[in-house]
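To keep things clear, I will list the structure first and then write my remarks on it.
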Amino acid sequence: MNTSLKNTARLLGAGLRALLVLSVVCGVLYPLAVTGVAQALFSGKANGSEISDESGRTVGSSLIGQTYDLPKRNPDDPDEAVRPDLRWFQPRPSNGLGGNSVNLRYSLILSGATNRAADNAELITWVTEAKAAVVADNSTPDHKVLPQDVPADAVTSSGSGLDPDISPAYAELQVHRVAERNGLPVHRVAELVDEHTEGRTLGFMGEPRVNVLELNNALKAVR
């Protein structure tokens, strides 16, 4: 009996020591090491890929899209149509899964697609109306946008509903409108788009893209 108790006590003691050692190594030392390396080598990404304006104020993350809308005329009216603020480059549509009471700059709190088939009547209506709005909003007295000029990402949401990027074609389509609304030369706004156009990752993955938040942050600096 005494031998059995001693063996049990020895095993419990060994298990407790292993628990303490593993808790310190896995629960303290390893997280500290990983956090230290991340902060030292990838501080921007480790902190959420935050973007700051000229004053140093954080205005968002390069990983999550934002909307640029005008304030509601009647904040208490939930049915009032959202109107885009046409001084800014506009992102992709964000038809998705839920309302957002936290980040008021974006219309989603949940990530997800619309889950409509290509022949779904509601989706077709969304796309048709979105294309007409893109044409109307981006046509200026000196530049007429044609329906066939509207790229797919201008009228459809991404799979996540949170895409922060648009295609260079959609960004270029908005140049004349943004220039007119801000009193800037068209060539200067076009230069901003070129400066913020990223190529394919490693030269072959994905598509060329423009981060809307970064582009609008640069636009704000030259207005």
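The values are calculated or read from the model by the stated rules, or taken from the named source; none is laboratory data. As the structure is a prediction and not an experimental result, all values here were calculated from the model. Cβ sites come from the backbone with ideal geometry, for glycine too, and all protein chains shown count toward neighbours.
Couple of notes before you dig in:
- Within region 150-159, the set of residues being within 15 Å of Phe89 (Cβ to Cβ) and either touching a residue at least 40 places away in the same chain (Cβ under 8 Å) or in contact with a Pro (Cβ under 8 Å, 6 or more places away or on another chain) (or both) comprises Asp153, Ala154.
For every residue, the table says whether it meets (1) surrounded by fewer than 21 Cβ atoms within 10 Å (Cβ to Cβ); (2) aliphatic (A, V, I, L, M); (3) under 20 Å from Leu219 (Cα atoms).
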| residue | (1), (2), (3) |
| --- | --- |
| Lys144 | yes, no, no |
| Gly159 | yes, no, no |
| Ile166 | no, yes, yes |
| His176 | yes, no, yes |
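- Scan of region 29-81 for residues that are of a type in the set (A, V, I, L, M) and either in contact with a Lys or Arg (Cβ under 6 Å, 6 or more places away or on another chain) or farther than 21 Å from Pro91 by Cα (or both), ordered by number: Leu29, Leu32, Ala33, Val34, Val37, Ala38, Ala40, Leu41, Ala46, Leu70
- Scanning region 108-138 for residues that are closer than 28 Å to Asn182 by Cβ and part of a loop (DSSP other than H, G, I, E, B) returns a single hit, Leu108.
- Test: residue in region 160-174 that is aliphatic (A, V, I, L, M), in a loop (DSSP other than H, G, I, E, B) and either without any contact (Cβ under 8 Å) to a residue 12 or more places away in the chain or at positive phi (or both): no
- A search for C-beta distances below 8 Å between a residue of region 49-60 that is surrounded by 11 or more Cβ atoms within 10 Å (Cβ to Cβ) and any residue that is of a type in the set (D, E, K, R), counting only pairs 6+ apart in sequence or on different chains, returns Ile51/Glu214; Asp53/Lys220; Thr58/Glu50; Val59/Asp53; Gly60/Glu50; Gly60/Arg105.
- Residue ID - nearest to the chain's Cα centre (by Cα), chosen from residues in region 185-211 that are surrounded by fewer than 18 Cβ atoms within 10 Å (Cβ to Cβ) and within 18 Å of Lys144 (Cα to Cα): Ala190
- Ile51 meets all of the listed conditions (1) in a loop (DSSP other than H, G, I, E, B); (2) under 21 Å from Ala221 (Cα atoms) but one, namely (1).
- Residues located in region 53-84, provided they are touching a strand residue (DSSP E or B) at 6+ places or on another chain (Cβ under 6 Å) and closer than 28 Å to Val186 by Cβ: Asp53, Val59, Gly60, Ser62, Gln66, Asp69, Val82, Pro84
- Residue match in region 32-46 (condition: of a type outside the set (Val, Ile, Thr) and not in a helix (DSSP H, G or I)): yes
- Considering Gly65, Gly48, Gly44, Gly60, the condition of being touching a Phe, Trp or Tyr at 6+ places or on another chain (Cβ under 7 Å) and modelled with pLDDT under 90 is satisfied by Gly65 alone.
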